[in-house]
Amino acid sequence: MNQTPEFANKNKYDFNFIKPESVLNWDEYFMLQAMMASFKSKDPATKVGCVFVDDNNHQITFGYNGFVAGIDESELPWGKDKTAPLEYQKYGYVVHAEANAILHAQRSLNGARCYVTLFPCHECAKLLASSKVKEVIYLSDKHFGTESNNISKRIFNLCGISTRQITMSDTILENLSDHLKNLII
Ligand SMILES: [Zn+2]
């Protein structure tokens, strides 16, 4: 193998050897993507987004919660009050973020990591496990302790899927906000 050529005048031009700062790690980057996907959801109560990535940190698919594709949304209820029958609740018509992402994946999710803003419900846990996802990284676990939440955790444990909660620091969100504003100046 050839030797790497040395810089003959490195000292002279040292001012251009700027040390780049790492702004985001991969966890933060993909969780921000999941958060962006959730931003697209029309659900007035709970907006969830997710991104699936492979071992090379390439995105495979993403999704957010929304009504069945192609349906006339204006005809359907977004409310979640369960005193009404199921056909008068959003739950009759909504497809969860993880399910949408899995439905639209163009390649295998075997061994993928799933970044999701909310810990998956048991229906999505079944899909994630059956898709052979290896890890679920989440922001919120606000349904902790509910029956659905417990089923999800049982499924993940029995399938050997690891789960990990991460937080997004205010600094990252502020830096991102500054960055976005700078882009449009
Ligand atoms: Zn779900």
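Tell me the mean residue ellipticity at 222 nm calculated for the chain from its helices only (DSSP H runs of n ≥ 4, each -39500 (n - 2.57), averaged over every residue, nearest 500).
Working: 5 runs with 58 residues, N = 185.
When only DSSP H runs of four or more count, the value is -9500 deg cm²/dmol.
So what's the convex hull volume per residue for the Cα atoms of the chain, in Å³? Don't jump to the answer; show the numbers that get you there.
Working: hull volume 36.4 nm³, N = 185.
Dividing the Cα hull volume of the chain by its residues yields 197 Å³.
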* Asked: Lysine pairs, Cα distance under 14 Å, 8 or more residues apart or cross-chain: how many in region 27-185?
  -> 11
* To do: Can you grab the distance from the C-alpha centre of region 145-185 to the C-alpha centre of region 53-123, Å, no decimals?
  => 16
* Asked: log10 I(q)/I(0), Debye, Cα-only region 131-185, no solvent, q = 0.23, 0.29 Å⁻¹?
  -> -0.89, -1.16
* Longest to shortest principal axis, alpha-carbon extents of region 50-137, angstrom -> 45, 24, 20
* **Residues with amide H under 5 Å from that of L118, placed H, sequence gap 5 or more** => G49, L139, S140
* Structure fact -> Taking the convex hull of the alpha-carbon atoms of region 30-94 and averaging its shadow over every direction gives an area in square nanometres of 5.1
* **Relative contact order, percent, the chain [alpha-carbon distance under 8 Å, six or more residues apart]** => 17
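Computed from the coordinates by the stated procedures, all read-outs in this text should not be read as laboratory data. None of the values given here were measured: they were computed from a predicted structure.
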